[in-house]
Structures are given as C-alpha cells and as structure tokens.
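Q: Here it is, the structure in full.
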Amino acid sequence: MRIALAGLATSHPYTDARTLRDDAELVVWEPDPQRLARFRAEQPDAVVAPDLAALLATGPDGVVLTVPTSDVPDALARVLERGLPCFVNKPAAATAAQLDRLEPVVARAPELVLTSSVLRFAPEFVAFDVPREEVLSVRATVRHDVGLWATGYNPWQDDPAIGGGTLVMMGLHGVELLVALLGPAVRLVGAAGAVRRHRGLRSEDTGLLAVQWADGVPGTVEVLGVSDGEAYEVTVHTAAGERRVVLRGGADELGYRATIDAFVGMVRGGPSPVPWAQTRAVLDVLASARAVA
C-alpha cells in the first residue's frame, strides 16, 4: 500500500505517518523546508515529492491531505480527479465562503472523502451510548491550550479568515462529538469568543457555541484554549442524571489510530465512515459560529 501525505501543515500528519508506516510506503510533499526536515528525520524511508502534482503521479492508493484550510478545495479536487480516497485533516472549511467552495468538490465523490475530528473514533467515545429519547441536553468541553499561536506559530490556524481561529480549530472537536452522538439535524443559535489570557492572538482563547437539534434538544460547546492539559468531555443530561465520557491520553486513546484504521478501510474499497451530511452539519455550525463571534 502506498499512502501520500499531501502537506504537513499541522501536527496531525506526523502522528498519522507513525500509524501508517508499518503497513504502507509513505510519499510526502510539503513546501515548508523546516516541516519537511522534521518529517524526514522521523520517517527517513519516505519518498519526497517536489509538489502536489508529482506526489499524485507516484500512484498512491490513498491521500492524507493536510494543507491550510483555504487551500483544501483546490487540493482535494486534484485528489478526487484521480479517484483516490482522501482523509482531510481538520478543519476542511472554517468560513461560509470556504464551505461554499468545498461542497461542489466533495459532491463529485463524497464516498471518497473522510474529514473528521479523530475523537469521533476514540474507543471510549465509540462505546458511549445514551438512548436518544432520554436526552434532555448535551454539553461538550474542549480543553486544548493555544498559547503557542500567540508566539506566531502557524499563524494561519489563528487567522479567523483562513483556519478559523480557536473557535473553529478547537471547537470542531466538541461539535463533532455532539453531531456523532445526536445526528446532523442541528443549527447554531449563538456563539461568543474572548481573549482571556493569551494576548497577541488574532482569534480567541476562550469560546462558547450554543446549538439546537430539530427535535428541540439544546447543546453547548465550551472551548477552553487556556488549559494546563488536553482533555475532551461530553456530558449528556437525562432525567435520571448525568452521563459523561472524558477523552484524554495518547494517540490511541484520542482516536488517531482508529481514524487511520477507518481511512485504510476506505483505501481498501470501503465508503467513507462519516457521511457527508454529518460532516457538512459540523462545518456549517462552525462557519456560522465564526461569522457570529
């Protein structure tokens, strides 16, 4: 199996490569020399391509796409033109304009596109189940420090117009979990963001999204970009009390390995494990929140 890593714009593809390398030959393209050097140090056997066209010309069986969010539609179109299954590291769209560009691209072959928070595939979350009729309300809490962005690291992620900032980049994890749990018939009803500690950010370090499902169930996503540790929590309120799952730990506990396993299933001929209707709902809530906040 040959897997192409198209771009190394975030930390995720480095983790993806560590999961893939035992079962696949890796081919990589990344325009930033420092990021590429770090990757080559970790994966000395990987073949390096000079650009995206050359990468796709190596005949990969699947593609892990990790480029700045504004570049996703054009790059994904080139991947799908070759009929290749593609895992797009999050977020695939951060604004309404980006989502408008992305939708017609995905429409060509939605079964070949997987884009998701890895947390959807985290083993403890997969095992978490509350009967839908018992749900009164839901809350997701995302704890992931973004102080590194205030130093100028990866500025596109902190830019509301490109990567969406903290509300989108980190809020995606919470929205993804709630949509996975309750379905895609959801809309944004409010959003707010603030800088509470990390001065110098272009976006926010703290945020809140309020959502509601078509059957009336309300939910909130708390985004805490000032945190001593990384953890993700979903709380479901029922008449009998609270049901809760907390996700923390390493790559396996947070779903990185299971996500790549799901992608490899696509490479071997299966459809995307996350229907586009769910992904579109997640991205629409996030793009709406970015516009409001």
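The values are calculated or read from the model by the stated rules, or taken from the named source; none is laboratory data. What you see is a predicted model, and the numbers here were worked out from it, not measured in a lab. Don't worry about glycine lacking a Cβ; one is built from the backbone with ideal geometry, like all the others, and counts go over all protein chains shown. Just so you know, the surface numbers come from the protein's heavy atoms only, side chains and all, with ligands and any DNA or RNA stripped out. Shrake-Rupley method; radii C 1.70, N 1.55, O 1.52, S 1.80 Å.
Q: What FRET efficiency comes out for residue 48 versus residue 212 if R0 is 35 angstrom and r is the Cβ-Cβ distance? Round to the nearest 0.05.
A: Calculated value: 0.15.
Q: Taking only the C-alpha atoms, wrap a convex hull around the stretch 252-293 and report its volume per residue in Å³ as a whole number.
A: Per residue, the Cα convex hull of the stretch 252-293 comes to 79 Å³.
Q: If you don't mind, there's one more thing I want to ask. Per residue of the stretch 131-141, in order, report the coupling 6.51 cos²θ - 1.76 cosθ + 1.60 (Karplus, θ = phi - 60°) as ³J(HN,Hα) in whole Hz, putting x for Gly and Pro.
A: Once θ is set to phi - 60°, the couplings for the stretch 131-141 become x, 4, 6, 8, 6, 9, 7, 9, 9, 10, 10 Hz.
Q: Still on this structure, I have one more. Kindly report the accessible area of the chain per residue (heavy atoms of protein chains, probe 1.4 Å, no ligands, DNA or RNA), in Å².
A: 41 Å²
Q: Given a cut-off of 19 Å, what percent of all Cα-Cα pairs of the stretch 54-178 lie beyond it?
A: 56 percent
Q: Any chance you could give the angle, 0 to 90 degrees and rounded to 10, that helix 33-42 forms with the longest Cα principal axis of the chain?
A: 90 degrees
Q: Right, next: Once ligands and nucleic acids are excluded and a 1.4 Å probe is used, how much of residue 70 is accessible, expressed in Å² to the nearest 10?
A: 40 Å²
Q: Return the Rg/Rh ratio of the stretch 160-293 with Cα-based radii and a Kirkwood Rh.
A: When Rh is taken as the Kirkwood radius, the ratio is 0.98.
Q: Could I ask something else about it? So, in Å, what gap is there between the alpha-carbon centers of the stretch 15-64 and the stretch 95-126?
A: 22 Å
Q: Could you tell me what percent of the DSSP beta bridges with both partners in the stretch 139-291 are antiparallel, to the nearest 5?
A: For the stretch 139-291, the DSSP antiparallel bridge percentage is about 85.
Q: Moving to a separate point now. Could you work out how far helix 276-292 tilts from the main Cα principal axis of the chain, as a 0 to 90 degree angle to the nearest 10?
A: The answer is roughly 70 degrees.
Q: Something else: Estimate the FRET efficiency between residue 74 and residue 32 by the formula 1/(1 + (r/R0)^6), using the beta-carbon distance for r and 22 Å for R0, to the nearest 0.05.
A: Working from the Cβ atoms, E equals 0.75.
Q: How much of the DSSP bridge set in the chain is antiparallel, in percent, rounded to the nearest 5?
A: Given both bridge residues lie in the chain, the antiparallel proportion sits at roughly 55 percent.
Q: Tell me, what HN-Hα J-couplings in whole Hz come from the Karplus equation 6.51 cos²θ - 1.76 cosθ + 1.60 at θ = phi - 60° for each residue of the stretch 261-271, using x for Gly and Pro?
A: Result, ordered by residue: 4, 5, 5, 4, x, 5, 4, 7, x, x, x Hz.
Q: What spacing in nm lies between the two simple spin-label points modelled at residue 41 and residue 197, each 7 Å away from Cα in the Cβ direction?
A: Output for this residue pair reads 2.8 nm.
Q: Within the stretch 143-215, list the trypsin sites (Lys or Arg not before Pro) lying in a DSSP loop whose Cβ has at most 15 other Cβ atoms in a 10 Å radius.
A: Within the stretch 143-215, the qualifying trypsin sites (Lys or Arg not before Pro) (loop, at most 15 other Cβ atoms within 10 Å) are 196, 197, 199.
Q: Now for a different question. Which percent of the accessible heavy-atom area of the chain goes to carbon and sulfur, probe 1.4 angstrom?
A: With neighbouring chains kept in place, the figure for the chain is 50 percent.
Q: Roughly what angle does helix 171-182 make with the longest principal axis of the chain, taking Cα atoms, 0 to 90 degrees, to the nearest 10?
A: The helix 171-182 is inclined about 70 degrees to the chain.
Q: Pick from 214, 140, 192 the residue whose mean-square fluctuation is largest in a GNM of the chain, springs joining Cα atoms under 10 Å.
A: 214
Q: Okay, next question. Which trypsin sites (Lys or Arg not before Pro) in the stretch 217-293 pass both tests, a DSSP loop state and at most 14 other beta-carbon atoms within 10 Å?
A: Of the trypsin sites (Lys or Arg not before Pro), the ones in loops of the stretch 217-293 whose Cβ has at most 14 other Cβ atoms within 10 Å are 248, 268.
Q: Would you report the distance distribution of C-alpha pairs in the chain as whole percents per 5 angstrom bin, up to the bin with the largest distance?
A: 1, 6, 13, 16, 19, 18, 14, 8, 4, 1, 0, 0
Q: Just reorder 260, 162 by solvent-accessible area, largest first, 1.4 Å probe, all chains present.
A: 162, 260
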